[in-house]
């Protein structure tokens, strides 16, 4: 599957209009809304605009509990399993829990695993956590397995927005071998070829954001690569 990540801080109406047209045309599976650091109040506008112009399910990708918006369809309840910062293991979750209990959002418990993408990303900087080394698939797999045993529903392997390189395919394959959960992959995917490599490594869902902000045409290219994937 294929998801497009929309950063509310960069969600201007003209860009959203073109982006949603491409996503609708090329059957993108999900729209993720959010990011590690959202500094504006544009989340509500972004969610409402997407709801009004697309039937693609909206999934919140929250940096903190302030990113909750009940008009979306679902929320990734992210636990930074690869980190050691209690704020992103449980702290934000405690603050969010009462709000989520009273919402109609589908809550999806997710092990969020940061993997080295060749540079310091917003996610690693804000969380204060060191990413899993790019060439250590077993560490990522052990971390993912711990998340599964804790009862999480998804594994999200992420090199972070603007990463210099994507996930090591061996990391995806090893996590797939060690766990039974669906795997989301993101970070550094700026060509259709890179997306195809991750699908061929058995990623269940790839997420592309930063590169599509620069070129909406990438939506079509990646969608075409999806139909050509081989396992």
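Please treat every number below as a calculation from the coordinates, not as lab data. Keep in mind that what you see is a predicted model, and the values were worked out from it rather than measured. Glycine gets a Cβ as well: all are built from the backbone with ideal geometry, and neighbour counts include every protein chain shown.
Pop the C-beta distance of residue 53 and residue 87 into the FRET formula with R0 = 25 Å and round what comes out to the nearest 0.05. Before the final figure, lay out each step's value.
Details: r = 35 Å, r/R0 = 1.39.
For residue 53 and residue 87, the calculated efficiency is 0.10.
Suppose the chain between residue 153 and residue 44 were pulled fully straight at 0.36 nm per residue; how much longer would it get relative to their current alpha carbon spacing? Before the final figure, lay out each step's value.
Details: separation 109, 0.36 × 109 = 39.24 nm, distance 2.63 nm.
Result: 36.6 nm gained on full extension.
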Label point distance in nm, residue 165-residue 215, each placed 7 Å from Cα along Cα→Cβ: 2.1
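What number results when the radius of gyration of the range 13-92, computed over Cα atoms, is divided by 2.2 N^0.38 Å?
Working: Rg = 13.9 Å, N = 80, 2.2 N^0.38 = 11.6 Å.
This ratio for the range 13-92 stands at 1.20.
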At residue 29 and residue 107, where each label point lies 7 Å from the Cα along Cα→Cβ, what is the point-to-point distance in nanometres? 2.4
Is any residue of the range 123-148 close enough, with backbone N under 19 Å, to a label point placed 7 angstrom from the Cα of residue 204 along the Cα-Cβ axis, and if so, which? 140-148
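What does the helix-only formula give at 222 nm for the chain: each DSSP H stretch with n ≥ 4 adding -39500 (n - 2.57), the total divided by the residues, and the result rounded to the nearest 500 deg cm²/dmol? The partial results should precede the final answer.
Numbers: 9 runs with 88 residues, N = 231.
The helix-only estimate for the chain comes to -11000 deg cm²/dmol at 222 nm.
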Over all pairs of different Cα atoms in the range 47-118, the reciprocal of the mean inverse distance gives a Kirkwood radius in Å of 13.2
Taking the Cα-to-Cβ direction at residue 180 and at residue 21 and moving 7 Å from each Cα, how far apart do the two end points lie in nm? 4.6
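So what's Rg/Rh here for the range 87-216, counting alpha carbon atoms and using the Kirkwood radius for Rh? Kindly include the intermediate steps, with their values, before the conclusion.
Values: Rg = 14.8 Å, Rh = 15.2 Å.
When Rh is taken as the Kirkwood radius, the ratio is 0.97.
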So if I take the alpha carbon set of the range 2-227, get Rg, then get Rh from the Kirkwood formula, what is the Rg over Rh ratio? 0.93
